[in-house]
Each structure stands twice: as C-alpha cells, then as structure tokens.
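Everything below concerns the one structure shown next.
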Amino acid sequence: MTEAAARRTRGTPCWVSLIVHDLSATQAFYADLFSWEFVPGPDQLGPYVRALIDGKVVAGIGQLPPDRHLPVAWTTYLATDDADVTAEMIRSCGGTVAVGPLDAGEAGRLAIASDPSGAVFGIWQAAAHIGTALAGAHGTPVWNELVTSETSTVCKFYQTVFGYEAEAVVSADFDYQTLHLNGRPVASLHGVGHALPRDRGPHWMTYFEVTDTDAAAHRVVELGGYILQPAREGSSGRVATVADPEGAVFTILCTAAR
C-alpha cells in the first residue's frame, strides 16, 4: 500500500468516477466489495461522493438526474496542467468535448471528452484534489486500459494530445500498445477487433486491485452484479471482468506480486 504522488504528469490516469441512477445502492455495493467509506464531494454535476480507504480518496461516484437515462460506466480521468488547452487539443485532433471545461469547486477543473473512436474519458486539472491518493490496497485503481477495435489510429490521437510514447506488442494476432510517460508505463490500448462489445463500443476499462480475484468475483454476484469474463490468469496476475448491479463494467486484478 502506497500513497500516490502529489501531482501527476500530463496524461497520467489520476482518477476514476462513476455516475449512477441509485447512488445509495451503489455505495452499498462498493462498500461491501472494496470496503470503501464515503464523504461528500463537489456537487456541480449533481449529488456526488468520494470513496475512501484508510481515509485516502480512491474514486468518485455521482448520481444522474432522474430524467437522464444514460449508460452507466466507469470513467478514467487523465491528468492535465491546463484543462482548457487540452480540450482544444482534443477537438483539433478529432475528438469531442461533451462537458466543460468547468470548475469543480476548489478541487480542480475538469472536462469529459471522447476520442475519435468514441471512447469517453475525463481530463483533470488538479487544484486542491490531486486524484487517487492511495495505491496497492484492495479496492484501489491499479490500471487503466482502452479497449477498442484497433489501436494504431487512436494511439496517434493520445500521443498528440498527451505526449505518450507507445510500445507495441509485435504480433500478428495480438493488437496491444503500452503508453509510457517519462519511461514509465501508465496505461494501455487493446485492440480486440470484432470482439468489441456492440452494446458498449470503444471504452476505457478500470482495473481495481483485489486480494483474491475468485473471492471478489463471487462476492460481486452475491451483491447483485454479474461476471462477464470469469477469473483467469493474465500477464499481471489473476483477473476477472465483472459488472455492478447497474451494469458498470470493471476488471478486478490480484497482481502477480501478491
């Protein structure tokens, strides 16, 4: 378990949030699964809470207005030094900015955007709130991956906007690129071709650390969620892809280092 650095390099995944229809029920689900506690957060976009582990913020959950029937999904936020400049770069590179940039109280400045393939992500200009403040514990975000049809085109978008260096896996049947900043891997792009879920399209996937992947997946089902991909061995540890009761998809991972 480690505390996160004070400020992230531009392009580093720094926060994840979820906007749901039933905030109370969602809090109960993640409190049981990840042992999260909650405190109120900025409410510029409606009711919103921050999830805590050992008093450190790890994620956010907000509530949709009753008349908004939008898909429920975890959103990855990428750090920026200037949300307005990054928003203009997103637009000029073929992406779309759907919300903002706008201030979230004293916490910082944000925007919600999508890349040219339609995958939604956020950008976060930190002020009082730097983002996820803990790593390595059960229930903390551990990785972020863009799942898309193919990586070459969209990789250029992210490289131009955020300055990533990309390292591709050289394989005829595996389309995967790792994004680096200052020589350090921070995220990845995974091209899955026709296996991309039609009901979701290209999307950013949040991975959460767990102490036991099989036990956590079983608990997801007991709490009203469901399993999309059963527990299996991956390159970084044992993983399973699951969804909460409102359908928000995420991956749970017990790293090989455990």
Based only on the alpha carbon positions, what is the Kirkwood hydrodynamic radius of the stretch 1-94, in angstrom? 14.9 Å
Under a Cβ-only charge scheme (Lys and Arg +1, Asp and Glu -1), can you give me the dipole magnitude of the stretch 192-258 about the Cα centre, in debye to the nearest 20? 200 debye
Surface per residue (accessible, 1.4 Å probe) for the stretch 1-147, Å²: 43 Å²
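Considering only protein heavy atoms and a probe of 1.4 Å, how much of the accessible area of the chain is carbon and sulfur, as a whole percent?
52 percent
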Label zone at residue 174, where the point sits 7 Å out along the Cα-to-Cβ direction: the stretch 189-207 residues whose backbone N lies under 16 Å: 189-193
Starting with the highest mean, order 113-124, 28-39, 167-178, 228-239 by the number of other Cβ atoms within 10 Å, averaged over the residues of each peptide. 113-124, 28-39, 228-239, 167-178
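The values are calculated or read from the model by the stated rules, or taken from the named source; none is laboratory data. Here the structure is a predicted model, which means the values were calculated and not measured. Don't worry about glycine lacking a Cβ; one is built from the backbone with ideal geometry, like all the others, and counts go over all protein chains shown. Please note that ligands, DNA and RNA were not included when accessible areas were found on the heavy atoms of the full protein model with its side chains. Shrake-Rupley method; radii C 1.70, N 1.55, O 1.52, S 1.80 Å.
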